[in-house]
Amino acid sequence: MKPGKIQGMNHADKGDKFDVDLTVKDGRPEAFDALMIPGGLFNPDVLRVDQNALEFARHFFREHKPVAAICHGPQVLISADLVRGRKMTSWPAIQIDMRNAGARWLDEEVVVDNGLVSSRKPDDIPAFNRKMIEEFAEGRHTAAAAA
C-alpha cells in the first residue's frame, strides 16, 4: 500500500519486516499473468477497502487470468464483487460473507472454479500451492470472467 517496509505477521504476532518492491497503486496489472491474494486476518481487511487493490483484482477477472486466494484473502474478491456465482472456499469464519456475496461456499481444502483457486487455512497450503501452480501454468481461462 505504501512504499518503504511492511510488517509481516504470524497470526496476531509481529513477524519480520520486508521491503516493498511495488505498491498496488503503482503496479500495472497488465504486467502480471496471475494474481495470488494471501490470507491472514489483517492484510485482506486493509486491501478490501483500497480502491486501487480492488481494481487491480478486477483486471484479472476481466482478462480471464488465473487468481488464487487463501484464508481471509477472498474478502478482497468479495469487496471487488467478484465471487458471485463462483464455487469457492475460505477461512470458515467468513463463509457467511462469501455466501452473502453470492459464492457457492464449500468446506474443502482447495476449490478450483475455472482458473480461480481458493483454500481455507495454512494446513491447506500444500494442496493450495499444487492447484495454484497448475492453474497459473494453464494461463488464461476463457470463462473466468466475473459473473
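The values are calculated or read from the model by the stated rules, or taken from the named source; none is laboratory data. A quick note: this is a predicted structure, and the numbers were derived from the prediction, not measured. Cβ atoms come from the backbone with ideal geometry, glycine included; neighbour counts cover every protein chain shown.
Annotations
- Scanning the stretch 37-56 for residues that are modelled with pLDDT of 95 or more and either surrounded by 21 or more Cβ atoms within 10 Å (Cβ to Cβ) or in contact with a Gly (Cβ under 8 Å, 6 or more places away or on another chain) (or both) yields Ile37, Ala53, Phe56.
- Strands (runs of 3 or more DSSP E) wholly inside the stretch 1-71 containing at least 3 residues that are over 22 Å from Ile94 (Cβ atoms): 5-10, 13-19
- Extreme residue, farthest from Pro44 (Cα to Cα), among residues of the stretch 80-135 that are of a type in the set (A, V, I, L, M) and part of a loop (DSSP other than H, G, I, E, B): Leu106
- Residues in the stretch 78-116 that are out of contact with any helix residue (DSSP H, G or I) (no Cβ under 7 Å at 6 or more places or on another chain), surrounded by fewer than 22 Cβ atoms within 10 Å (Cβ to Cβ) and of a type in the set (A, V, I, L, M): 3 in all.
- In the stretch 81-91, the residues that are touching a Phe, Trp or Tyr at 6+ places or on another chain (Cβ under 9 Å) and not aliphatic (A, V, I, L, M): Lys87, Thr89, Ser90
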